[in-house]
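Novice: Supplied in C-alpha cells, the structure appears directly below.
The values are calculated or read from the model by the stated rules, or taken from the named source; none is laboratory data. As the structure is a prediction and not an experimental result, all values here were calculated from the model. Cβ coordinates were reconstructed from backbone atoms using ideal geometry, including for glycine residues, and neighbour counts include every protein chain displayed.
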Amino acid sequence: MTKKRSLYLFFLTLIIGLTYQFLPYSGLNQSILNVVGSIWNVALAGLAAFYLSKTEFLQQFKHLKFLAILWGIPLTFAVGIAFSTIYNLVIGQATTNSIGSIITIQMVLLQVPFMLMGEEVLSTNILIALQKQGISFFWSSIICGILFALWHIPAYGFHPVQLLATLLPTRLALNYIWKKTGSIWNSWICHFVYDLIGFIGFFVK
C-alpha cells in the first residue's frame with residue numbers, strides 16, 4: 001500500500017465511523033436500522049481496506065493465536081476495570097452504555113459480534129494507515145484510541161473526559177493484542193468477551 005492510498009484509507013475510515021453516528025437520525029425503520037447498524041462499519045470499512053490495502057487487511061484474518069487469548073482477555077479486563085475504577089474514584093460515577101436499555105440475548109448473539117468486528121476493522125484500518133505514513137505504533141495507537149473513545153459519544157453521551165479515561169486505555173490494550181498477534185481475531189475475541197461480561201450486568205438488574 002502506498003502512502004497516498006494509506007491516507008485515503010485513514011480519511012475514508014474516519015468518514016465511515018462518523019456517518020455511523022448519524023444512522024439513528026436516518027429515518028429508517030427500526031428493524032432495518034438494526035441490520036444496517038450491525039454491518040455498517042464492518043462492511044464499509046472492510047471494503048475500503050480491501051480495496052486500498054488488500055494485503056495488509058487480509059493478512060490479519062489468516063490466523064488466530066489461541067494461547068494469546070489466555071493473556072489477552074485478562075489484560076483487557078485488567079486495563080478496563082482499573083481505569084474505570086480510577087475514574088469512578090477520582091471523578092465520580094461514570095455514565096453507562098445506552099445500549100443497556102435495549103439489549104437482548106438475540107442482539108448479543110446476532111448483532112453485537114458484527115458491531116464489534118466493525119469497531120476492530122475501523123481501529124486496525126487506522127493503525128495500518130498511520131503506520132504506513134511512518135507514524136510509530138505507539139502514536140498510531142494513541143490516535144486510534146482517541147478516535148475509538150469519541151466514536152462512543154452516541155452510546156455514553158457527550159462525556160469526552162470519561163470516554164478518554166476509560167475507553168482509550170482499553171482500546172490501547174486491544175491494539176497491543178492485535179499488534180502482538182498480528183490477528184484481528186484475537187483482538188475481536190478479547191473485545192467481545194469483555195463487552196459480553198459487561199452486558200450481563202444489564203440482564204441481572
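Novice: It is to be established whether one or more residues within the stretch 138-160 are loosely packed, with under 13 Cβ neighbours inside 10 Å and modelled with pLDDT of 95 or more.
Specialist: Within the stretch 138-160, one or more residues are loosely packed, with under 13 Cβ neighbours inside 10 Å and modelled with pLDDT of 95 or more.
Novice: For the stretch 1-36, which positions are touching a Pro at 6+ places or on another chain (Cβ under 8 Å), surrounded by 13 or more Cβ atoms within 10 Å (Cβ to Cβ) and either farther than 18 Å from Phe148 by Cβ or not polar (S, T, N, Q) (or both)?
Specialist: Result: Leu33, single match.
Novice: List every residue pair whose Cβ atoms lie under 7 Å apart, where the two residues are 6 or more positions apart in sequence or sit on different chains, the first residue falls within the stretch 44-73 and is in contact (Cβ under 8 Å) with a residue 40 or more places away in the chain and within 19 Å of Leu116 (Cα to Cα), and the second residue, located anywhere, is in a helix (DSSP H, G or I) and small (Gly, Ala, Ser).
Specialist: Taking only residues 6 or more apart or on different chains, the pairs are Ala45/Gly118; Phe57/Ala49.
Novice: Quick one: which helices (runs of 4 or more DSSP H) lie wholly within the stretch 49-112 and hold at least 3 residues that are under 30 Å from Ser6 (Cα atoms) and within 19 Å of the chain's Cα centre (by Cα)?
Specialist: 54-59, 66-90
Novice: Please verify whether the stretch 159-178 includes one or more residues that are aromatic (Phe, Trp, Tyr) and under 26 Å from Arg5 (Cβ atoms).
Specialist: yes
Novice: Now for a separate question. Residues in the stretch 106-113: is at least one surrounded by 22 or more Cβ atoms within 10 Å (Cβ to Cβ) and of a type outside the set (Lys, Arg)?
Specialist: The answer is no; no qualifying residue exists.
Novice: Only one of (1) under 21 Å from Ala45 (Cβ atoms); (2) surrounded by 16 or more Cβ atoms within 10 Å (Cβ to Cβ); (3) not small (Gly, Ala, Ser) fails for Phe199. Which number is that?
Specialist: Result: Phe199 fails condition (1) only.
Novice: Let me ask something else. State all residues of the stretch 117-171 that are among the β-branched types (Val, Ile, Thr) and part of a helix (DSSP H, G or I); if no residue qualifies, say none.
Specialist: Correct list: Val121, Thr124, Ile126, Ile128, Ile142, Ile143, Ile146, Ile153, Val161, Thr166, Thr170.
Novice: Quick one: how many residues across the stretch 6-31 are over 22 Å from the mean Cα position of the chain (by Cα) and assigned to a helix (DSSP H, G or I)?
Specialist: Residues flagged as over 22 Å from the mean Cα position of the chain (by Cα) and assigned to a helix (DSSP H, G or I) within the stretch 6-31 amount to 2.
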